[in-house]
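The values are calculated or read from the model by the stated rules, or taken from the named source; none is laboratory data. A quick note: this is a predicted structure, and the numbers were derived from the prediction, not measured. Cβ atoms come from the backbone with ideal geometry, glycine included; neighbour counts cover every protein chain shown. Side chains are part of the model used for accessible areas, which takes the heavy atoms of the whole protein and leaves out ligands, DNA and RNA. Shrake-Rupley method; radii C 1.70, N 1.55, O 1.52, S 1.80 Å.
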Amino acid sequence: QVQLVESGGGSVQPGGSLRLSCAASGFIFRINAMAWYRQAPGKPRELVADINSGLRANYADSVKGRFTISRDNAKKTVYLEMNSLKPEDTAVYYCNADVLMAVDTPTRDFWGQGTQVSVSS
């Protein structure tokens, strides 16, 4: 199996910054795309940003210019640098990875347990 362990959540004031990390471990041959999603209370889970193995990134319009996704392929870790945080960024943030566990097998989707980000004054 594959485990994704997130860290770095917390509470900040509006305008503050946080950095989330997500490390993958387990039976991993290759990790394709990695992504961060978030889910606010009463709302569906939404994609925040994703990054492929070639380090090409995409962002939700709501976070463009404020958040930066990056990854370290050697460490099997994805990061989310969040700046200029707003109250509407408050949510549980989940890490996601598309993993090839062995050659000639289908890729599988794995999720982290989630980390809370709260932005309020």
Can you tell me how many residues within segment 31-43 are in contact (Cβ under 8 Å) with a residue 60 or more places away in the chain and surrounded by fewer than 14 Cβ atoms within 10 Å (Cβ to Cβ)? 1
Is it true that residue 1 is in contact (Cβ under 8 Å) with a residue 12 or more places away in the chain and closer than 14 Å to residue 82 by Cα? no
For segment 77-87, does any single residue satisfy the condition of being closer than 19 Å to residue 26 by Cβ and either among the charged types (D, E, K, R) or in contact with a helix residue (DSSP H, G or I) (Cβ under 6 Å, 6 or more places away or on another chain) (or both)? no
Just to verify a result, which residue in segment 55-66, among those that are assigned to a loop (DSSP other than H, G, I, E, B) and either modelled with pLDDT of 95 or more or in contact with a strand residue (DSSP E or B) (Cβ under 6 Å, 6 or more places away or on another chain) (or both), is most open to solvent (accessible area, probe 1.4 Å)? 56
Residues being open to solvent by 50 Å² or more (accessible area, probe 1.4 Å), in contact with a Phe, Trp or Tyr (Cβ under 9 Å, 6 or more places away or on another chain), closer than 17 Å to residue 50 by Cβ and polar (S, T, N, Q) - total across segment 87-121: 0
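So that you can scan it fast, the table gives a plain yes or no per residue for (1) within 19 Å of residue 8 (Cβ to Cβ); (2) out of contact with any Cys (no Cβ under 9 Å at 6 or more places or on another chain); (3) among the aliphatic types (A, V, I, L, M):
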residue	(1), (2), (3)
30	no, yes, no
33	no, yes, yes
39	yes, yes, no
50	yes, yes, no
57	yes, yes, yes
65	no, yes, no
69	yes, yes, yes
Does segment 73-86 include one or more residues that are assigned to a loop (DSSP other than H, G, I, E, B), surrounded by 14 or more Cβ atoms within 10 Å (Cβ to Cβ) and under 12 Å from the mean Cα position of the chain (by Cα)? no
Having 1 or more residues that are more than 14 Å from the chain's Cα centre (by Cα) and of a type in the set (Gly, Ala, Ser) is the bar; report the strands (runs of 3 or more DSSP E) wholly within segment 1-54 that clear it. 10-12, 18-26
